[in-house]
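The values are calculated or read from the model by the stated rules, or taken from the named source; none is laboratory data. Everything numeric in this text was worked out from a predicted model, so none of it was measured. Glycine gets a Cβ as well: all are built from the backbone with ideal geometry, and neighbour counts include every protein chain shown. The accessibility values were calculated without ligands, DNA or RNA, using every heavy atom of the protein model including side chains. Shrake-Rupley method; radii C 1.70, N 1.55, O 1.52, S 1.80 Å.
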Amino acid sequence: MDRLLFGDNQFFGVNHMSEEKARTQALRFQDIGAVIDVIDSAYAEGISTFMCTTHDRIEQVCDHVRARTSQYEDLQFFPSMPYAHKYANAMTEDGPLGAIRRFLPEEGLFDAALRGGRSLATKDIEGLTTLLIDAEMKMFKGLRTPVVFLQNVVVDLLLGLGFHQAFRIFADHVRSSYQAEPAFITMNMPRLLVALDEVGIENPIVCFNLNKIGFRMSGGFDAYEDAMRRHEFRAVAMSVFASGAIPPREALEWVCAQPNLESIVFGASSRANIRSTRDLVDELWTQRAAAGAGAA
Amino acid sequence: MIKLAVVGLGKMGLSHLAMFRAQPDVDLVAVCDSSRYVLDVLAKYTGVRTFTDLDEMLSEVKLDAIVIATPSHLHSRMVRAALEQGLHVFCEKPFCLDQAEGQMLVELAESRGLVTQVGYHNRFVGAFMEVKSLLDGGAIGKVQHVLAEAYGPVVLKPKGGTWRSKRSAGGGCLYDYAAHPLDLLTWYFGQPSGVAGSVLNRVFSRETDDEVFSTIYFPQGTTAQLSVSWADESQRKMSTKLTIWGTAGRIYVDRQEVQVYLRNQPAMPPGYQEGWNVRYTTELTEPVWYYLRGEEYSAQVHEFVSRIARREVRGRNSFHDAAVTDRALAMILEDASRGPSTTHESPEDLQAKDRQRPWPWRLRRQFALAGGR
């Protein structure tokens, strides 16, 4: 994985600090051309991994890239699925089963099981999960997707329920059908590492909040530091600026000094911001290497 | 260890199940739902005991507490059954569709010394809590008026087959969405003394409301305007926000931030200054043990568990609090059914109406008209 991954929250009106800022961003990126311009800027600055939710609008970005493969030779996508609000809103309207049914490409299997009013066999649960994954992956057909993430709302729900086997089903399907590395986004990193270990997912890619002020590092700051030292996994840090609560240099100085960190995902809306983040990380990573903090 | 069960495995029930199960002091021993399918998946993959009948679960499993997240019209019967078994109860909002029943349940729980809580999670959002303490400290003086809003993209087309699309089952924008900003109003200002101008509009739903508007009066002369829609596609998810005007300042608050304008005054709240002040969720939010979908959900779960440990019968969002919000919901419903209070009618309308009335009325009307008023 690259050191810097380009995220997409800024494009979809996600801002953890201010709804006003979120709406301003949503207005700015109303036209998909504006989104593509920013991705182009990142690409021009040498950031060639786009980590994106499976939001409907990403499909247009995929179409754009597919039509110009020579222009984007190095560009790769890290899909993260599903776009959670799509399911949450559907669940309020149709209930959990209705929501699942709404996003299934074909209705046969699930409807038959529901009509029968009985439990599904294990292979059916796997079938259902893989159908949902395939539906989300459809938009990336023909593009490079070497890593596929499961979104935190789903990961943390399964984690809380104790349905850890689902992580295994996801991992196996992503590996076998997409030749991709399975990856997990979570707000409960220390606890998730234990669960992944339990179902035999070795050296997993895990993306989690990592910032100096401990914002949304659930389970406690110390547990995170401890897990980073002791667990074998590939760490991807997100929310490193804590939604803007920490000044960039201060935030990155702290993050880049953490042990066993492989990548940082960040979002930005202007080329100047992308460049300054990249320059800062380049500088700090050199220091990190000199200090011997890095794993690789 | 608190032995706990969850009843109702819809959107809220599943997330409560995950959050309660992740609590260190909770032993999640059973779940109950009408869908065999969901139960079988949970039994198979998580090993929890499953039931399709609440009474059967209550008689077979030894419990200390229960979470009720079934459709709203089922709450009162289930809450009563649980309280009669001596269980502490966490119930989803709205608490009870029938106010008298709600009041009886408040009394039943209190007489037995049981801990109760209703899932009005906004009272656990850092930004809304900050506003509570600002208002209680009189930071903006006497509150004149409040605009309480909530918008979201739940119903965007004419369909929907669950209980949430039926008012009789406790579904609809009033119970599902408007209850949240209304609950913040009752938290901040208490029981409303009156409501007027209430409108429950349909946009897409056939059997319930999609929009709620109302004017709410509080005893100290504070008024509030409620404006709520769950049929607003421009929103990514539900957003609840309040704007509060006082004699000494103004507050804007949503889940993410608090913007406060303060006039110069002798008692400035600590850390605040004259003019504009902004506080963000990043500084107002306490970290939680396990995060699923916003710290407030985890915080309310933690609060319930801690209150059980302390045997604290009245606390934030106890049945007693929720019954106040229930009463306000009922007032809006009743007010809306009356329609507009001041109307304009053309002379033709009046004549047509008079023709349907008994003759003494007609005579009186003609007399009044002849008299030229």
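Inspection of region B:48-67 finds a residue satisfying the criterion of being within 11 Å of chain A (Cβ to nearest Cβ) and over 24 Å from B:Thr162 (Cα atoms).
Whenever a residue of region B:47-66 is hydroxyl-bearing (Ser, Thr, Tyr), its partners that are in a helix (DSSP H, G or I) and open to solvent by 20 Å² or more (accessible area, probe 1.4 Å), lying with C-beta atoms within less than 8 angstrom and at least six residues away or across chains, give the pairs B:Thr50/B:Asp40; B:Thr50/B:Ala43; B:Thr52/B:Arg36.
In region B:87-102, is there at least one residue being in contact with a His (Cβ under 7 Å, 6 or more places away or on another chain) and among the β-branched types (Val, Ile, Thr)? Checked region B:87-102: no residue is in contact with a His (Cβ under 7 Å, 6 or more places away or on another chain) and among the β-branched types (Val, Ile, Thr).
Taken over region B:12-28, residues that are open to solvent by 20 Å² or more (accessible area, probe 1.4 Å) and in a strand (DSSP E or B) amount to 2. Which members of region B:200-216 meet the condition of being assigned to a strand (DSSP E or B) and either free of Cβ contacts under 8 Å to residues at least 24 places away in the same chain or crowded, with 16+ Cβ neighbours inside 10 Å (or both)? B:Leu200, B:Asn201, B:Glu211, B:Val212, B:Phe213, B:Ser214, B:Thr215, B:Ile216 - these are the residues of region B:200-216 that are assigned to a strand (DSSP E or B) and either free of Cβ contacts under 8 Å to residues at least 24 places away in the same chain or crowded, with 16+ Cβ neighbours inside 10 Å (or both). Checking each residue in region A:158-186 for being open to solvent by 20 Å² or more (accessible area, probe 1.4 Å), of a type outside the set (S, T, N, Q) and either touching a residue at least 24 places away in the same chain (Cβ under 8 Å) or within 12 Å of chain B (Cβ to nearest Cβ) (or both) picks out A:Leu158, A:Phe163, A:His164, A:Arg168, A:His173, A:Tyr178, A:Glu181. The numbered conditions (1) farther than 30 Å from B:Glu92 by Cβ; (2) at the interface with chain A (Cβ under 9 Å from one of its Cβ atoms) are all true for B:Trp276 except (2). Only one entry of A:Arg249, A:Arg230 meets the criterion of being under 24 Å from A:Val38 (Cα atoms) and open to solvent by 70 Å² or more (accessible area, probe 1.4 Å), and that entry is A:Arg249. Just a yes or no: is a residue in region B:167-181 over 17 Å from the mean Cα position of the chain (by Cα), assigned to a loop (DSSP other than H, G, I, E, B) and at pLDDT below 95? No, every residue in region B:167-181 fails to be over 17 Å from the mean Cα position of the chain (by Cα), assigned to a loop (DSSP other than H, G, I, E, B) and at pLDDT below 95.
Only residues that are in contact with a Lys or Arg (Cβ under 9 Å, 6 or more places away or on another chain), under 19 Å from A:Phe163 (Cβ atoms) and open to solvent by 30 Å² or more (accessible area, probe 1.4 Å) were counted in region B:29-70, giving 6. Within region B:138-160, not a single residue is open to solvent by less than 30 Å² (accessible area, probe 1.4 Å) and under 17 Å from B:Leu97 (Cα atoms).
Scanning region B:232-257 for residues that are part of a strand (DSSP E or B) and more than 11 Å from every other protein chain (Cβ to nearest Cβ) gives B:Leu242, B:Thr243, B:Ile244, B:Trp245, B:Gly246, B:Gly249, B:Arg250, B:Ile251. Taken as a whole, the condition of being touching a Leu at 6+ places or on another chain (Cβ under 9 Å) and either at positive phi or among the hydroxyl-bearing types (Ser, Thr, Tyr) (or both) does not apply to B:Tyr280. Scanning region B:221-253 for residues that are farther than 18 Å from B:Ala179 by Cβ and small (Gly, Ala, Ser) turns up B:Gly221, B:Ser234, B:Gly246, B:Ala248, B:Gly249.
Looking only at region B:26-45, filter to residues that are free of Cβ contacts under 8 Å to residues at least 12 places away in the same chain and of a type outside the set (D, E, K, R); which one of those is farthest from the other protein chains (Cβ to nearest Cβ)? Looking at residues that are free of Cβ contacts under 8 Å to residues at least 12 places away in the same chain and of a type outside the set (D, E, K, R), I get B:Ala43. Whenever a residue of region B:5-25 is at positive phi, its partners that are open to solvent by less than 10 Å² (accessible area, probe 1.4 Å) and among the aliphatic types (A, V, I, L, M), lying with C-beta atoms within less than 7 angstrom and at least six residues away or across chains, give the pairs B:Gly8/B:Ile68.
Does A:Val265 satisfy being within 14 Å of chain B (Cβ to nearest Cβ), open to solvent by less than 60 Å² (accessible area, probe 1.4 Å) and outside any helix (DSSP H, G or I)? Spelling it out, it is not the case that A:Val265 is within 14 Å of chain B (Cβ to nearest Cβ), open to solvent by less than 60 Å² (accessible area, probe 1.4 Å) and outside any helix (DSSP H, G or I). The set of residues from region A:1-30 being closer than 28 Å to A:Pro146 by Cα, away from chain B (no Cβ under 12 Å) and open to solvent by 40 Å² or more (accessible area, probe 1.4 Å) comprises A:Met1, A:Asp2, A:Arg3.
Only residues that are crowded, with 17+ Cβ neighbours inside 10 Å, over 26 Å from B:Ser15 (Cβ atoms) and not polar (S, T, N, Q): list them for region B:269-282, please. Within region B:269-282, B:Pro269, B:Arg279 qualify. The condition of being away from chain A (no Cβ under 14 Å) and in a loop (DSSP other than H, G, I, E, B) holds for only one of B:Val313, B:Val288, B:Val324, B:Val305, that being B:Val313. Residues satisfying the criterion are absent from region B:352-359 (criterion: closer than 30 Å to B:Ser76 by Cα and modelled with pLDDT under 95).
Among residues of region B:235-274 being among the hydroxyl-bearing types (Ser, Thr, Tyr) and free of Cβ contacts under 8 Å to residues at least 40 places away in the same chain, the one that is farthest from B:Gly137 (Cα to Cα) is B:Tyr252. Within region B:152-188, being among the aromatic types (Phe, Trp, Tyr) and within 11 Å of chain A (Cβ to nearest Cβ) holds for B:Trp163, B:Tyr177.
The lone criterion from (1) farther than 30 Å from A:Ser218 by Cβ; (2) at pLDDT below 95 left unmet by B:Gln256 is number (1).
The set of residues in region A:35-58 being modelled with pLDDT under 95 and open to solvent by 10 Å² or more (accessible area, probe 1.4 Å) consists of A:Thr53, A:His55, A:Asp56, A:Arg57. Pairs meeting the criteria (first residue in region A:210-233 and basic (Lys, Arg), second residue open to solvent by 30 Å² or more (accessible area, probe 1.4 Å) and outside any loop (DSSP other than H, G, I, E, B), beta carbons under 6 Å, at least 6 apart or on different chains) are A:Lys212/A:Trp254. Do we find that B:Gly197 is in a loop (DSSP other than H, G, I, E, B), away from chain A (no Cβ under 14 Å) and on the phi > 0 side of the Ramachandran plot in this structure? Taking the combined requirement at face value, the residue does not satisfy it.
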